[in-house]
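Take a look at the structure set out below.
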Amino acid sequence: MFRISGGEVYDPLHGINGEKRDIYVRDGKIVAPEDVDQKHLEVIDASGLVVMAGGVDIHSHIAGSKVNIGRKIRPEDHRRDPVPRSQVTRSGVGYTVGTTFVNAYRYARLGYTTIMEAAVPPLKARHTHEELMDTPLIDKGCLILMGNNNFILRHIGSGDYDKIRNFVSWLLHACKGYGIKAVNPGGIENWKWGKNVAGLDDLVMGYGVTPRQIITTLIRVNEELGLPHPLHLHCNNLGLPGNYQTTLETMKVAGQSRLHLTHLQFHSYGGESMRNLSSQAPVLAEYINEHENLSIDVGQIIFGEVTTMTADGPWQYTLYQLSHNKWANSDVEYETGAGIVPFLFKRDNPIHATQWAIGLELFLLIQDPWRVILTTDHPNAGPFFFYPQIIKLLMDKKYRDEMLASVHERASCTLLSQIDREYSLYEIAIITRAGPARRLGLRHKGHLGVGADADIAIYPKEVDAEWMFSNPRYVFKDGLLVVKDGQIVTDYMGRSLLVETAWEESIAEEIGKEFDRFYSISLENYPVELDYLPRYEVIPCR
Amino acid sequence: MDKVILRLKERSNIPVEAEAICPDLFLTKSQQEIEELALYYGNKGRRLGDFFQVQGERSDNIVIEGEIPNFKKIGQGMSRGNIHIQGDVGMHLGALMKGGRILVEGNVSDWLGAEMEGGSIRVKGNAGHLVGAAYRGSSRGMRGGEIIVEGDGGSEVGELMRRGLIVIGGRAGDFVGAFLIAGTIVVLGPVGLRPGAGMKRGTIVAFQEPDLLPTFHYNCLCQLSFLRIYLHHLREEDLNIPQEYLGGFYKRYNGDTLELGKGEILVWAGQVA
């Protein structure tokens, strides 16, 4: 039980913009002043400090099979960044594909307390949850890959919609998932034949369905099940010049329904070839400004080493041909695929510099901060621990211009230099906490109102936003002090966030037949049991 | 010349992580400070003074007396000075070094000069595997400098090497110059299996007929002035280079044609033609 006293509070959900407020915490929740015993109250002096809710990352790859393949093929990534143990923490290694513990510590040390693992193949859900058990401090959820699942594709073909909804519901239950993710719908299935899809109306081989049908169906299922988070979509044609048209068409497919487009930066390119790749961020931003049903996260480029990892197998093969770097491909039976390629984003490369500017354009041109979310698609466009650098770029026009001048001149072909907008702390609190929490349907996160989880980050108030957001003075998770002055001081296990929806038993029988014939494991070993998760919380549907 | 002499107190088989034995560090330290430098003995932290009797201070000239095959990472990342090791020494000697000189009277274990960028290493005995190689996962091995081993070398000598010179006086193991990107490897004795597998560019020089992979193709018989200069240099380094090597002809094979195919393996053909 304690009171955080005298801090400058930024709580956009309640419209609190830097006013001095006291915050009362009891039993891991934020409570009203009258609900605490004033006599036995510990006081945490936050005067001169900035108080925000704990950060929420809507899209990050920190656990599961492809992250592990990334770890395996990149010993050189780890050698540079050993992390010794301390009294409280375990040892490990960091950099782009760090160990589970180190990832969790580094997230907590940024003031982030909730993370969504953004791509979990159903077959690898057990593995992912096992890694998440070793990811302490933070709360975590899994988005389950469904855009290329055999069962779904087949029943789109046969037009049996109810069966799909039933199956999706069962699959979320079996994987202990939080939401539906679709990656390059149809494209990964075609990759099993060495092909891809080039647009929304290409055919998926062997099924006779189109990406457009897959997306519409999944959006409909998502909305009918009332899942807290909209469909989390990685569009077709990622990374290719001219792909903004596919992205725009995809947005139109959504109509009035909710849709979350992830790492939009990789989907905002004009031009016909890599030589004249250009920015179409303004076009997309304008469309998003006019359509309140859409939200995005950016996937901002950070110059330096990254490890690209995505279920988008065909794109990873293209990237391998472009970079001549190592490549690992993974085929997940009936469900999806994955590819991993290490990559280096260089300041003096015209394409990389343009990509960097496109990400910032999206941040700055989309007017409503509630619908644009800060991510680097960790570790694809950059490691998450560079978030403070992005915050500084958004808050400080001068710094942004200096950086623009230091990168390849092609970046100046974008609108970036003409945009004067600077984010305020209030807006930063939206794009890093309140916005993603709202978009994920996490009503008890991302704000500091009564009833919210006591996930609180307290930063020193500094002119240099990068330093400020890298060095929180205190971080609380469920009312427990976990970070003090940059050091992890408590070991604590966060919760797995999941949803529960209803399904008809008949579906299990049908899936069972499929498993007997085609799967490498039996149905009995497939669903992840609830007892498997050390701590969990069921988030109610809408 | 001032020097710091380290006399081994007692021989042990337990591995010691000794990256603290580095001229750059010794240069500014008093004798007492040198004795206090931290080493890992197995998984226990110890002081340098626990293992060695230290004589001298503030010098980048280090002499180590005694057999230390369990001491790893000596001279790792050094950029100047000398290390003279009078016995055998352990793994990772001179790994990542940028400059200076290391002389070993005895034998050396694996990863000698791994990913080194400059400086020179001379070994009078034999070396282990992966001389001048890339650490697992890295894209490049040795990036510059010179390694001369008078005895034999193990497998994967110069794996992924990018620049520099490696000379093996005796026999070399399998996969000499595997994935070679550039640079020169000279082997005076017999060469093991699959030399130059996956090499892109660079030169491997052999004086006994190697068993080449089928992805290497014979080009021509040639005399190369660069090679004569290199061999003269090795003579100056007191290596035993017979006169006929200097004037002789070499068979040139290019490969590995599964990769770029711009690499070459030169095999001494005697005084023919």
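Every number here is computed from the coordinates shown, using simple stated rules; none is lab data. Model, not experiment: these values are computed from the prediction. We place every Cβ from the backbone using ideal geometry, glycine too, and count neighbours over all the protein chains shown.
Counting Cβ atoms of other protein chains within 10 Å of each Cβ in A:466-475 and taking the mean gives 0. Region A:94-135 and region B:152-188 have Cα centres lying 41 Å from one another. Mind giving me the FRET efficiency for B:R136 and A:M274? R0 is 30 Å, r the Cβ-Cβ distance, nearest 0.05 is fine. For B:R136 and A:M274, the calculated efficiency is 0.40.
How crowded by other chains is A:67-75, given as the mean number of beta carbons from other chains within 10 Å of each beta carbon? Each step should come with its number before you reach the end.
On the way: counts 0, 0, 0, 0, 0, 1, 1, 1, 4.
Mean shielding count: 1.
Counting beta carbons within 10 Å around each of B:M91, A:M116 and listing the fewest first gives the order B:M91, A:M116.
Size descriptors for the protein assembly as shown (Cα atoms only): Rg and Dmax, in that order, 30.5, 103 Å. In chain A, a dipole from Cβ-located charges (positive for Lys and Arg, negative for Asp and Glu) runs towards its positive end, and of A:F384, A:P75, A:V36 it is A:P75 whose Cα lies farthest in that direction.
Extension gain for B:R235 to B:Q32 (0.36 nm times residue separation, less C-alpha to C-alpha distance): 68.9 nm.
In a simple Cβ point-charge model (Lys, Arg +1; Asp, Glu -1; nothing else charged), chain A has a dipole of about 860 debye relative to its Cα centre.
What you get for chain B, charging only the Cβ of Lys and Arg (+1) and of Asp and Glu (-1), is a dipole of about 560 debye around the Cα centre. Contact order, relative form, for chain A: 20 percent (alpha carbon pairs under 8 Å, 6 or more residues apart, mean separation divided by residue count). Shape annotation for region B:110-268: C-alpha extents along the principal axes are 38, 36, 23 Å, from largest to smallest.
Got a sec? Charge dipole of region A:84-241, +1 on Cβ for Lys and Arg, -1 for Asp and Glu; which of A:Q87, A:T99, A:H232 is way out at the positive end? It is A:Q87, whose Cα lies furthest towards the positive end. Exposure proxy ranking for A:V332, A:V50, A:V463, based on other Cβ atoms within 10 angstrom of each Cβ and starting from the fewest, stands as A:V463, A:V332, A:V50. Summarising the label geometry, the points placed 7 Å from Cα in the beta-carbon direction at A:T318 and A:R347 lie 2.9 nm from one another. Ranked by the mean number of other Cβ atoms within 10 Å of their residues, highest first, the peptides A:299-308, A:251-260 fall in the order A:299-308, A:251-260. Take every Cα pair under 8 Å whose residues are at least 6 apart in sequence, average their separation, divide by the length of region A:397-474, and the relative contact order is 15 percent.
Residue by residue along B:121-130, Cβ atoms of other protein chains within 10 Å of the local Cβ number 0 on average.
Given their separation in residues at 0.36 nm each and the Cα-Cα distance between them, A:D162 and A:V538 gain 133.0 nm when the chain is fully extended.
Among A:M205, B:M78, A:M468, a tally of other beta-carbon atoms within 10 Å of each Cβ gives an order, fewest to most, of A:M205, A:M468, B:M78.
A protection proxy built from the mean count of other Cβ atoms within 10 Å ranks the segments A:236-245, A:506-515, most packed first, as A:236-245, A:506-515.
Were the residues from A:E505 through A:K195 laid out at 0.36 nm apart, the gain over their Cα-Cα distance would be 108.0 nm.
Step through the table entries A:K72/B:K72; B:K124/B:K251; A:K39/A:K484; A:K72/A:K397; A:K72/A:K346, compare each Cα-Cα distance with 31 Å, and write down the pairs that go over it. Can you show the working numbers first?
On the way: A:K72/B:K72 25 Å; B:K124/B:K251 29 Å; A:K39/A:K484 25 Å; A:K72/A:K397 40 Å; A:K72/A:K346 24 Å.
Pairs exceeding 31 Å: A:K72/A:K397.
Between A:K461 and A:L41, the C-beta separation translates, for a Förster distance of 30 Å, into a calculated FRET efficiency of about 0.80.
Within region B:110-268, DSSP assigns beta bridges of which about 35% are antiparallel (rounded to the nearest 5).
Hydrophobic, long helices, defined as DSSP H runs whose alpha-carbon span along the helix axis is 20 Å or greater and whose mean Kyte-Doolittle value is at least 0.5, occur in chain A at A:350-365.
Spacing of the modelled spin labels on A:E290 and A:R443, each 7 Å from Cα toward Cβ, amounts to 3.4 nm.
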